[in-house]
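Novice: Would you mind keeping the following structure in view while I ask a few things?
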Amino acid sequence: MKIAVVGTGYVGLVTGTCFAETGNDVICVDIDIEKVEKMRAGVVPIYEPHLDVIFERNIKQNRLSFTTNLEEAVEQAQIIFLALPTPPGEDGSADLSYILGVAEELGKMIKEYKVIVDKSTVPVGTADKVKETIAKHANVDFDVVSNPEFLREGFAVDDFLKPDRVVVGTESAKARKVMEELYKPFVRQGNPIIFMDEKSAELTKYAANSFLATKITFMNEIANYCELIGANVDDVRRGMGTDTRIGNRFLFPGIGYGGSCFPKDVQALAKSGKETAYDFSIINSVMDVNHKQKYVLAEKVKAYFGSDLKGKKLALWGLAFKPDTDDIREAPALYMIDELTKAGAEITAFDPEAMDNVKALLGDKIKYASNQYEALEDADALLIATEWQVFRTPDFDRISDKLKAKVIFDGRNLYDLVDMRNKGYYYNSIGRRTIT
Ligand code: NAD
């Protein structure tokens with residue numbers, strides 16, 4: 001099949017590359033000229049494990065190409081995927097201007113039947129809006145399908161190639177057939193393609209993300225309570241998670257969820273609810289609790305050193321909102337940096353992939369180290385904000401050589417409490433007793 005993917009971010013580029021991998025001809029469109037030039041030169045513009053290999057392979061085999069010219073892509077394609085940003089608008093609702101802007105252009109461009117597939121995360125009713133926008137200009141038959149994406153950054157290629165399920169919202173038999181054909185290679189192991197109407201598909205994505213955000217947030221509250229009563233959240237987590245009705249995933253406490261999806265999707269669902277006079281009280285509480293959780297580690301640091309941190313040097317391991325990505329959107333580390341630098345602390349950070357993005361955002365508000373140990377030089381404490389694998393089994397002798405004192409604040413519970421006691425550290429983590 002001939003496919004166009006409009007928007008080549010985390011979702012669009014992975015979608016386009018994976019569809020090329022199953023033998024389709026894919027042309028990816030982006031308005032970012034620099035990005036398109038990079039991709040044409042064979043460079044993957046984002047960090048995503050395993051993407052580079054299939055990216056290169058499909059470019060070499062002429063199944064994957066890039067353009068800034070939407071019309072050129074639309075002319076060639078039977079199916080047009082929209083993988084455009086839907087950032088939060090000022091009032092918290094999803095900003096649909098990217099999607100509707102492209103829909104407007106598509107309406108003027110399409111000259112024969114096309115299936116237009118919305119892969120972005122959008123509020124209920126967006127497929128109808130896209131349809132209306134295209135129909136204002138188009139004189140040909142077309143279908144608009146809602147096909148929300150569930151991939152996780154860091155596992156995006158695996159998730160796309162072997163999805164737990166594919167959700168397709170369409171009431172058109174013609175479009176359903178096209179989508180079935182397209183996704184067949186990805187569900188060979190028997191995972192379902194779940195067909196439904198467009199609105200239900202749109203809501204499924206928000207419901208799934210909001211549920212996961214709720215699960216994380218619930219566990220963060222349990223962790224905070226554990227600290228007050230002297231329980232160990234790791235034990236509570238294991239005790240709960242082994243119940244198959246609960247499941248052991250998404251139960252790890254930390255310093256709040258971040259990223260490009262959970263914060264904005266949870267907020268957008270709450271906003272959509274408000275518009276229909278429905279008060280999502282669970283969702284509202286989740287947002288409240290999560291906001292506070294992002295400051296938990298900074299509060300611990302202030303409780304230890306005092307609220308004036310002038311003259312204190314802090315090493316920070318991890319900037320990305322989670323491991324295996326360079327994405328720093330809504331990363332808890334950024335909130336922590338803001339709070340601690342406001343209190344006068346000097347921060348030197350290290351992240352395996354996200355430092356360029358933070359440099360572009362914060363400039364010299366903090367210092368950047370070229371490796372995790374360099375960040376520790378002369379620091380009063382080490383703070384951990386992201387659970388990168390390289391931070392899990394560090395050389396503790398090197399850590400104690402470099403730090404002024406053996407003090408660690410761990411927002412991701414990477415280390416064993418007994419181990420830390422034996423090594424002689426002050427070790428303050430989330431939902432567990434502090435080792436002093
Ligand atoms: P992104 O910001 O990484 O990428 C969006 C791309 O669209 C950028 O490259 C941008 O230059 C391009 N773009 C903007 N306007 C354009 C236009 N008019 N024409 C062509 N290209 C244009 O976004 P993303 O993270 O890939 O997310 C896209 C959508 O998918 C969002 O709705 C998001 O909520 C959803 N989603 C994201 C993830 C994720 O993990 N990132 C997972 C599932 C769903």
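The values are calculated or read from the model by the stated rules, or taken from the named source; none is laboratory data. Since we're looking at a predicted model, the values are computed, not measured. Positions of Cβ are backbone-derived with ideal geometry, glycine not excepted, and every protein chain shown enters the neighbour counts.
Novice: Identify, please: which residue in the stretch 305-329 is surrounded by fewer than 24 Cβ atoms within 10 Å (Cβ to Cβ) and touching a Phe, Trp or Tyr at 6+ places or on another chain (Cβ under 6 Å) and is, among those, nearest to K294 (Cα to Cα)? Break it down into steps so the answer makes sense when it comes.
Specialist: Just the residues of the stretch 305-329 that are surrounded by fewer than 24 Cβ atoms within 10 Å (Cβ to Cβ), to begin with: 305-313, 322-324, 326, 329.
Filter once more, so that each one left must be touching a Phe, Trp or Tyr at 6+ places or on another chain (Cβ under 6 Å): 312, 323, 326.
Values: K312: 21, P323: 17, D326: 19 Å.
Out of the qualifying residues, it is P323.
Novice: Turning to a different aspect of this structure: Mind telling me which of the residues G230, G241 ends up being of a type outside the set (S, T, N, Q) and surrounded by fewer than 13 Cβ atoms within 10 Å (Cβ to Cβ)?
Specialist: Only one candidate passes the filter, namely G230.
Novice: Only one of T86, T67, T8 is surrounded by 15 or more Cβ atoms within 10 Å (Cβ to Cβ), assigned by TED's automatic domain parsing to the domain that holds L182, more than 9 Å from the ligand (Cβ to nearest atom) and among the β-branched types (V, I, T). Can you tell me which?
Specialist: T67
Novice: Here's another thing I want to ask about it. Give me the pairs: first residue in the stretch 351-362 and assigned by TED's automatic domain parsing to the domain that holds P323, second residue of a type in the set (D, E, K, R) and modelled with pLDDT under 95, beta-carbon distance under 6 Å, and six or more apart or on different chains, which are they?
Specialist: These pairs meet every condition: E353/D326; A354/D326; N357/D326.
Novice: Go through the stretch 37-47 and give me each residue that's within 15 Å of the ligand (Cβ to nearest atom) and either part of a helix (DSSP H, G or I) or out of contact with any Leu (no Cβ under 8 Å at 6 or more places or on another chain) (or both).
Specialist: Residues satisfying the conditions are E37, K38, M39, R40, V43, Y47.
Novice: The conditions are (1) without any contact (Cβ under 8 Å) to a residue 40 or more places away in the chain; (2) in a loop (DSSP other than H, G, I, E, B); (3) exposed (fewer than 15 other Cβ atoms within 10 Å of the Cβ), and E34 fails exactly one of them. Which is it?
Specialist: (2)
Novice: Name the single residue, out of those in the stretch 132-159 being surrounded by fewer than 18 Cβ atoms within 10 Å (Cβ to Cβ) and part of a helix (DSSP H, G or I), that is nearest to the ligand (Cβ to nearest atom).
Specialist: Only one residue fits best here, namely D159.
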